[in-house]
Amino acid sequence: MSAIQYLSTFRLYGWDVLLLAGGVTLLTSLLKKTVLKNVPKKLFVFLPFALGIVLYAIYRALVTLSAEPFTTGLAATVEGGFACGCAATLYYVVYEQFFRKRPTADTGAADGAGESETPDTGAADDADTDMGEAIPPVAPLLEGFVPEETRHAVARSLTEGARGKTGDALRTFVRETLFSAAPAATEAELLALTELVAAYLSSLSGT
């Protein structure tokens, strides 16, 4: 995706979601470097979305001064929180694609002194990115499930193959793609990942 396409995607979200997504990004990165630094990478695929739901619920409770976001408005809370997770994941991809310094061919290290810190959502690691190669937006969601050497190819396949698909057709396509791409994942993990990736692709396309 180009910078213009990313900006168009961000326009799908409200200012409140975009601000909360920034908080999700920072909080996930902090947790990854501290109390959750030894947990499996698979957790960080889902963590931004879980944090997004929690932060969005708290935000709505403060705005409405009621418990409605946790009760009758729970569905809207989950939807808004998922949008925060989506935006946070996109923040990470945009940073990696357009702002992160890449290793040079001569030195094998980033230009400038030392390593830069990545404000990642916890959904992907630095080694997942090939120098100069566009990062498919869905790639961070495959971290820990799809082998690194095929991750970007699978992500591109998902992104391109999802065009024009909605509902059960999209879910079936995602499930079949992940089934062959992530052989080490359990059935429960594939089910959860399928739902997440399908919903994420739908949000990217605005459907």
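Identify the trypsin sites (Lys or Arg not before Pro) of segment 17-54 meeting these criteria: DSSP loop state and at most 16 other C-beta atoms within 10 Å of the C-beta.
Answer by residue number: Lys37, Lys41, Lys42.
In terms of the mean number of neighbouring beta-carbon atoms within 10 Å, the peptides 85-92, 50-57 order highest first as 85-92, 50-57.
Rule-based calculations on the coordinates, nothing more; no lab input. Keep in mind that this is a model prediction, so the values were computed, not measured. For neighbour counting, all protein chains shown are included, and Cβ atoms are generated from backbone atoms with ideal geometry for every residue, glycine included.
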